Amino acid sequence: MLRPMNPEWREIPWDRALAAASPTVANALEKSLAGGDLGFEEGMTLATVEGNDLLALAKVADELRRRTVGDRITYVVNRNLNFTNICIVGCSFCGFSRGPDSPDAYFHSTDALLAKSLEAVERGATEVCIQGGLPKDLDGYNYVELLRAIKGRLPELHVHAYSPMEITYGIEKTRMPLPEYLLMLKQAGLNSIPGTAAEILDDSVRRSLSPNKLKVRQWIEVIRTAHSLGIPSTSTMMYGHTERPEHWVRHLLLLREIQKETRGFTEFVPLGFIHSQTKLFQIGGARAGHSPDEDLIVHALARVLLHGYIPNIQVSWVKLGYEQSLACLEAGANDFGGTLMEESISKAAGANFGEYVSPGEFRALIRTIGRIPAERSTTYKIRKTFELPDAEEIMPSSRMPMLGATTGHAPVSTTGY
Ligand code: SF4
């Protein structure tokens, strides 16, 4: 099969790809193009495609993307602040967490995080994304104090912080009711939350990956409550470990149900499992991360199943690498995510990407597939569209993807962030 990133692939019209698909795949895709909500069986049909059917899925997903959000590929200029790697939860898929006595354990002070935030703003960031491990002795008010410190100095900076797992930990530590705790965070300046710690929203899969992690019911409760208080969130799914296609479909349909009720998800972000430095992989408990076909299927499937509800599908370039990210941006995704400035979680699990992509580098990458880059805010307001290339769009040739290559899957492995 021709693949995205190949100019010939780009020339195939979606309706021609659809005409070459098998009848059950074509029926499901036609229903989605007509605005219908696909059910579990139709989702399973699409989640297990190959050959011409995979081509049709990717092409129709790309067409749905075009109809929903147009041809711009967006990104946000942000900085990741992973404030501690000390964690008691013990997720088997995580290569990031450390015990408190580990020689490379760290806990950044509020002053250090404020300094990093100030530096980020000086370098053009509009957002900081704050997540970390869960140390045993963490004060549950630490999260709110950090928000107050950052927003006190940088009131315009969007603070995207604290996964449902961290919020659940904060409640446990402070013994406050969930709505009051979230309201306290909001009043201290929390603008949105990452919908991480979702992994696969199925308790049997979660038990095998991470028995100490919050349950599906708790994840949904944090998200629903946040949305009801006007705190939007992203939504995520980790794939490429022990899960099967049926889990992808159920996970996506569950997110769709929540979104129908709350309209609080800004985007969906598939997170490929970065396997190499994780206990889960080392003990033989998982496959070796996500494959290039899985990447295409998951991003395209998300576009189709979430069509009409979640408009933005984001690629995680730290998990996928540049080339596979661009491939997925030709198969239903529309957002390149954030420039990050530093990202230690995926790198700790074995990913080769995850330090910093400059905005100019993002734009140069986007141009390689003939699309228009645009900088956005965290909540997808367009800040600037770059119709024409500019002087900052220069990238060292060694870091550019090989156009037309079909096998350049970035070396990868993962955590749930
Ligand atoms: S994924 Fe998060 S909660 Fe789980 S061990 Fe790693 S840092 Fe801790």
Task: Residues of segment 130-145 that turn out to be open to solvent by 10 Å² or more (accessible area, probe 1.4 Å) and away from the ligand (no atom under 14 Å from the Cβ), as a count - done: 5
- [ ] Give just the number: which of (1) under 25 Å from Glu387 (Cβ atoms); (2) in a helix (DSSP H, G or I) does Asp15 not satisfy?
- [x] (1)
Task: Pairs where the first residue, in segment 134-146, is over 13 Å from Ala188 (Cβ atoms) and the second is buried (at least 20 other Cβ atoms within 10 Å of the Cβ) and among the β-branched types (Val, Ile, Thr), C-beta under 7 Å, 6+ apart - done: Pro135/Ile86
Task: The listed residue being away from the ligand (no atom under 16 Å from the Cβ), open to solvent by 30 Å² or more (accessible area, probe 1.4 Å), modelled with pLDDT under 55 and of a type outside the set (Ser, Thr, Tyr), out of Leu388, Leu403 - done: Leu403
- [ ] Spot the failing condition for Ala120; the list is (1) outside any loop (DSSP other than H, G, I, E, B); (2) within 16 Å of the ligand (Cβ to nearest atom), and only one is missed.
- [x] (2)
- [ ] Determine if segment 277-294 includes at least one residue that is open to solvent by 10 Å² or more (accessible area, probe 1.4 Å), modelled with pLDDT of 95 or more and within 27 Å of Ile382 (Cα to Cα).
- [x] no
TODO: Say whether the condition of being farther than 20 Å from Val144 by Cβ, more than 16 Å from the ligand (Cβ to nearest atom) and in contact with a His (Cβ under 7 Å, 6 or more places away or on another chain) is met by at least one residue in segment 222-230.
DONE: no
TODO: Please name all residue pairs, on different chains or six or more residues apart, with Cβ atoms under 9 Å, provided the first residue is in segment 33-44 and is at positive phi and the second residue is surrounded by 13 or more Cβ atoms within 10 Å (Cβ to Cβ).
DONE: Gly35/His307; Gly35/Gly308
TODO: Provide a single number: the residues in segment 76-117 that are away from the ligand (no atom under 15 Å from the Cβ), under 24 Å from the mean Cα position of the chain (by Cα) and under 16 Å from Lys151 (Cβ atoms).
DONE: 5
Task: Identity of the residue in segment 62-108, touching a helix residue (DSSP H, G or I) at 6+ places or on another chain (Cβ under 7 Å) and in a helix (DSSP H, G or I), that ends up nearest to Ile369 (Cα to Cα) - done: Asp62
TODO: Only residues in segment 193-216 that are more than 13 Å from Leu254 (Cα to Cα) and aliphatic (A, V, I, L, M) count as the first member; pair them with residues that are within 14 Å of the ligand (Cβ to nearest atom) and in a helix (DSSP H, G or I), Cβ under 6 angstrom, at least 6 apart or cross-chain, and list the lot.
DONE: Ala197/Pro164; Ala197/Met165; Leu214/Met165; Leu214/Thr168
Open item on the list: Within segment 188-199, does at least one residue satisfy the condition of being within 16 Å of the ligand (Cβ to nearest atom), more than 18 Å from the chain's Cα centre (by Cα) and closer than 29 Å to Leu301 by Cα?
Closed with: no
Task: Matching option when the condition is more than 25 Å from Gly338 (Cα to Cα), more than 16 Å from the ligand (Cβ to nearest atom) and of a type in the set (D, E, K, R), among Arg175, Arg148 - done: Arg175
- [ ] Name the one entry in Leu271, Leu254, Leu305 that is crowded, with 24+ Cβ neighbours inside 10 Å and either over 17 Å from the mean Cα position of the chain (by Cα) or over 23 Å from Ser92 (Cα atoms) (or both).
- [x] Leu305
Open item on the list: I need a count of the residues in segment 4-21 that are open to solvent by 40 Å² or more (accessible area, probe 1.4 Å) and either of a type in the set (Ser, Thr, Tyr) or modelled with pLDDT of 95 or more (or both).
Closed with: 6
- [ ] Tell me which residues, restricted to segment 159-172, are open to solvent by less than 30 Å² (accessible area, probe 1.4 Å) and either within 16 Å of the ligand (Cβ to nearest atom) or over 15 Å from Leu147 (Cβ atoms) (or both).
- [x] Ala161, Tyr162, Ser163, Pro164, Met165, Glu166, Ile167, Thr168, Tyr169, Gly170
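The values are calculated or read from the model by the stated rules, or taken from the named source; none is laboratory data. Given the structure is predicted, the values throughout are model-derived calculations rather than measurements. With ideal geometry, Cβ positions are generated from the backbone for all residues, glycine too; neighbour counts draw on all protein chains shown. Side chains are part of the model used for accessible areas, which takes the heavy atoms of the whole protein and leaves out ligands, DNA and RNA. Shrake-Rupley method; radii C 1.70, N 1.55, O 1.52, S 1.80 Å.
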